[in-house]
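Chemist: To start, I am sharing the structure in question, which I have written as structure tokens.
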Amino acid sequence: MGTTMDINTTEIPAEDASLTPPATDMPTARPLIVTGGMASLLAKTGLFSQTQITMLLQVSRAEGVGTTDLVVREGLSPEEVYLQALSDATGLPFLRLASVAIEPSVIEKLSAKVVFQYNVIPYAIEAGALAVVTHDPFTPGLADALRIAADMRIRFVLATSVDIARAAKKFYGVGAETVARMIQDDRIEVAPEDILAKSEIGEDDQEASIVKFVNQVIWEAYQERATDIHFEPMEDELRIRYRVDGVLHPAPLPPQLNRFQAAIISRIKVMGNMDIAEKRMPQDGRIGLRIQAEEIDIRVSTMPTVYGESVSLRLLMRGQSMIRLDELGMCADDDALIGKLIHKPNGIILVTGPTGSGKSTSLYAYLREINTPEQRIITVEDPIEYEMAGINQISVRTDIGLTFATALRHILRQDPDVIMVGEIRDFETAEIAIRAALTGHLVFSTLHTNDAAGAITRLVDMGVEPFLVASSVEAIVAQRLVRRLCRNCRQPETPERTFLEKIDFPVDKLGDHRLYVANGCEKCRMTGFRGRVGIYEILRIDEKIEGMIVERASAGAIKQYAAGRNLRTLREDGWLKAMDGTTTVAEVLRVTETVEIE
């Protein structure tokens, strides 16, 4: 552990203090003082001219803005560069908190209220003093306020404000200061009618603590790039988990959160226009949210469990830009094949895979590629995840009878060239889609099957005649999403040849390619991965396969024939992405396991 510096060993004239004390109910102590004045200290960093130093001190006094925040705001220096220079000038250690472990006994020295109010975090106890991490040690009153709160001497350590905020969430939990305030006020229960129904983060009228906490959870999930948030009541806790890059991660939460379980769930149900009194039956709802000018649609689902209602939120980013066809991550030959198929005048192109495998993203990429003024494109979706200019999009509304089948039947009277059906779920939808393809329309849709060949037997199982499937389906794309390795921290590995042979890895094709494993760094939040990319299996229906479909051949037989015709399976496509350093062998095995088991 690095050495720390006692804040009482240096002094600065009070008139050079650069920041007014934050509003607090704690006693305001004298400013922290440093020998030579703040002006000389800034000069000692070697980052600023005399004119800039004068400006910093004047603006700091006039606006009550901290020196560190002001330096960053004015673009004079990145925060980390400034803090490292400040460390050299003052002797205060500079620390990176991403991988630091802090003892619970140290965390307990400062309350969540103090930590989040001042953006600090206790770091260690040394020689009877509490080392506290801050991004601006010269905040007037900060040292004495922390000394009173901790009841011990204070020493300062420097770190960036972003690192401190992340560490505070990690060790105290999301919304810890809000929960602490609720406990202090003894707000164990909040009546549903008292929970505000406003659903925009940052509004001045959102004063209720429950409202603030739910907003903080959604905001945290958004920052983490989560696609889902799960509120799961357990026997003695309320667990909250985010799904990031397809993997669930528990959110760090403050203790005693389960005391407010009913109020939190009621707040979410109010936001989703759901019946807060109905707790015995599952419910579905939707929330329209605006965060930092970003429009987000949230699908809400509640389910009664033994210990209360479980709530799942699916985050859909309406304002997020759609990816292009060449950004899906297909190999060059697959990309060229899809480029030809989506420009065909008629037929069905199916995309298959489990929930969360990127099927909708692929369909939107296809539509974007062929979206021209000469094409009339109509979609029916549940829900509309991306709004596309130039395309007529219809949202399913089962409450009034507007189902996929109903919408599709009427779409055919609208003179479409291309139709996209969000999902084929039943015989009626499948039959109408197939007949649309046979009457001169290009149809895109999805199915929930494990591999490409399985989609054929799935349609037949729905009741569609095999000859209709054979004559209408042009191609089936099975896909999965694997996590991308973080390029900043990935590390090379050399697996045992016997292991690679056991999993049918093409060792002979490895050549000069390097395999990598995940490591973890600050940029990827210590996961070793950042973002996802698709792996694909494209089954083109030729005359031989058409005959096999009519003869009701099994999916296994169709896949075996296609493999002999150079079909690249999901796992084989994954091996290619492992060899080019995009992902790991373990990640490919993880997402393709169900396919291989079948």
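The values are calculated or read from the model by the stated rules, or taken from the named source; none is laboratory data. Please read these numbers as outputs of a predicted model, since none were measured by experiment. FYI the Cβ positions are ideal-geometry reconstructions off the backbone, even for glycines, and counts take in every protein chain you see. Keep in mind that these areas ignore ligands, DNA and RNA; they rest on the heavy atoms of the full protein, side chains included. Shrake-Rupley method; radii C 1.70, N 1.55, O 1.52, S 1.80 Å.
Chemist: Across bins of 5 angstrom width beginning at 0, how are the C-alpha pair distances of region 111-172 distributed, in whole percent?
Modeler: Percent of pairs per bin, in order: 4, 20, 33, 27, 13, 2.
Chemist: Beyond 25 Å, what percent of the Cα pairs of region 478-598 remain?
Modeler: Values: 2386 of 7260 pairs.
Everything past 25 Å amounts to 33 percent.
Chemist: Still on this structure, I have one more. Under Stokes-Einstein, with the Kirkwood radius over Cα pairs standing in for Rh, what whole-number D in µm²/s applies to the chain at 37 °C and 0.692 mPa s?
Modeler: Values: Rh = 27.9 Å.
My calculation gives 118 µm²/s for D.
Chemist: Mind scanning Lys212/Lys359; Lys44/Lys109; Lys344/Lys509; Lys340/Lys577; Lys109/Lys212 and naming the pairs with a C-alpha gap bigger than 27 Å?
Modeler: Values: Lys212/Lys359 34 Å; Lys44/Lys109 33 Å; Lys344/Lys509 34 Å; Lys340/Lys577 23 Å; Lys109/Lys212 25 Å.
Those over the limit are Lys212/Lys359; Lys44/Lys109; Lys344/Lys509.
Chemist: Give me the 1.4 Å probe accessible area per residue for region 505-598, excluding ligands and nucleic acids, in Å². Please list the in-between numbers first.
Modeler: Details: 4830 Å² over 94 residues.
Here the residues of region 505-598 average 51 Å² of exposed surface.
Chemist: Still on this structure, I have one more. If you average 1/r across every pair of different Cα atoms in region 44-90 and take the reciprocal, what Kirkwood value do you get, in Å? The partial results should precede the final answer.
Modeler: On the way: mean 1/r = 0.0930 Å⁻¹.
Evaluated on region 44-90, it is 10.8 Å.
Chemist: How big, on average over all directions, is the shadow cast by the Cα convex hull of region 356-405, in nm²?
Modeler: Working: hull surface 16.3 nm².
Approximately 4.1 nm², given one-decimal rounding.
Chemist: Right, something else. By residue number, which cysteines of the chain lack any other Cys whose Cβ falls under 4.7 Å from their Cβ?
Modeler: Cys331
Chemist: Kindly report the accessible area of region 315-414 per residue (heavy atoms of protein chains, probe 1.4 Å, no ligands, DNA or RNA), in Å². Walk me through the intermediate numbers first.
Modeler: Values: 4650 Å² over 100 residues.
Result: 46 Å² per residue.
Chemist: Continuing with this model, one more query. Based on the alpha-carbon set only, what is the convex hull volume of region 281-333 divided per residue, in Å³?
Modeler: Values: hull volume 7.5 nm³, N = 53.
Convex hull volume per residue, Cα atoms: 142 Å³.
Chemist: So if the hydrodynamic radius of region 373-510 is defined as the Kirkwood radius over C-alpha pairs, what does Stokes-Einstein give as its diffusion coefficient at 20 °C and 1.002 mPa s, in µm² per second? Kindly include the intermediate steps, with their values, before the conclusion.
Modeler: Working: Rh = 17.9 Å.
The diffusion coefficient I find is 120 µm²/s.
Chemist: At what distance in angstrom do the alpha carbon centres of region 38-75 and region 451-478 lie from each other?
Modeler: 68
Chemist: Using 7 Å Cα-to-Cβ label points, what is the Met526/Asp580 separation (nm, one decimal)?
Modeler: The two pseudo-label positions are separated by 3.2 nm.
Chemist: If you take the alpha carbon radius of gyration of region 431-537 and divide it by 2.2 N^0.38 Å, what ratio comes out, to two decimals? Spell out each step's value before the answer.
Modeler: On the way: Rg = 20.6 Å, N = 107, 2.2 N^0.38 = 13.0 Å.
So region 431-537 has a normalised radius of gyration of 1.59.
Chemist: May I ask you to work out the translational diffusion coefficient for region 524-580 at 10 °C, viscosity 1.306 mPa s, via Stokes-Einstein with Rh from the Kirkwood sum over Cα pairs, reported in whole µm²/s?
Modeler: Values: Rh = 13.6 Å.
In µm²/s, the coefficient rounds to 117.
Chemist: Working only with C-alpha atoms, what are the Rg and Dmax values of region 288-425, expressed in angstrom?
Modeler: Radius of gyration, then largest Cα-Cα span, for region 288-425: 16.9, 56 Å.
Chemist: Moving on. Ordering Val100, Val71 by how much accessible area each has at a 1.4 Å probe, largest first, what is the list?
Modeler: Details: Val100 25, Val71 0 Å².
So, going from the largest accessible area down, we get Val100, Val71.
Chemist: Also, quick follow-up: Could you work out the equivalent-ellipsoid semi-axes for region 36-131, taking the square root of 5 times each eigenvalue of the Cα gyration tensor, largest first, in whole Å?
Modeler: Details: eigenvalues 168, 48, 31 Å².
The three semi-axes for region 36-131 are 29, 15, 12 Å.
Chemist: Same structure again: When the scattering of region 75-162 is computed by the Debye formula from its Cα atoms alone, each counted once and equally, what is log10 I(q)/I(0) at q = 0.10, 0.16, 0.25 Å⁻¹?
Modeler: Each listed q corresponds, in turn, to -0.23, -0.61, -1.40.
Chemist: Now a separate question. Strictly greater than 14 Å: what percent of every Cα pair in region 208-254 meets that? Please report the intermediate quantities before stating the final value.
Modeler: Details: 537 of 1081 pairs.
Here the long-distance tail beyond 14 Å is 50 percent of all Cα pairs in region 208-254.
Chemist: While we're looking at this one, here's another question. Going highest first, how would you order 389-397, 368-376 by mean Cβ packing within 10 Å?
Modeler: 389-397, 368-376
Chemist: Can you pull the percent of region 443-567's accessible area that's carbon plus sulfur, 1.4 Å probe, other chains left in place?
Modeler: Values: 2720 of 6270 Å².
Summing carbon and sulfur atoms, their accessible area is 43 percent of the total for region 443-567.
Chemist: Let me ask something else about it. Subtracting the Cα-Cα distance from 0.36 nm times the residue separation, let me have the gained length for Phe427 to Glu496 in nm, one decimal. Spell out each step's value before the answer.
Modeler: On the way: separation 69, 0.36 × 69 = 24.84 nm, distance 4.85 nm.
Taking 0.36 nm per residue and subtracting the Cα distance, the gain is 20.0 nm.
Chemist: Turning to a different aspect of this structure: Divide the volume of the convex hull of the Cα atoms of region 425-470 by its number of residues and quote the answer in cubic angstrom per residue. It would help to have the intermediate numbers written out before the result.
Modeler: Values: hull volume 3.3 nm³, N = 46.
In region 425-470, the Cα hull volume divided by residue count equals 71 Å³.
Chemist: At a 1.4 Å probe radius, carbon and sulfur cover how many percent of the accessible area of region 307-398?
Modeler: Working: 1850 of 3990 Å².
Exposed carbon and sulfur together represent 46 percent of the surface.
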